[in-house]
Amino acid sequence: MKTDSIFYRIFQQYPRSFFELLNRPASDADNYEFTSVEVKQLAFRLDGIFLPTP
């Protein structure tokens, strides 16, 4: 799956920056995995999403 979103690249490389923007502890990023997800419909794709890690 190809993404070209600038936010995808930033959050993929620096996931802690997302939580800093939300005024959350940067360490919260340790509990999430940032990935790209495609929802099968008429190919609706989320360029990036933080999913909780198990």
For the SER27, PHE7 Cβ pair and Förster radius 22 Å, calculated FRET efficiency rounded to 0.05 is 0.55
Taking region 6-52 and dividing mean pair separation by its residue count, relative contact order in percent (alpha carbons under 8 Å, at least six apart): 30 percent
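The numbers here are math on the coordinates, done by the rules we state, and not lab data. What you see is a predicted model, and the numbers here were worked out from it, not measured in a lab. Here Cβ is always computed from backbone atoms with ideal geometry, including for glycine, and neighbour counts include all displayed protein chains.
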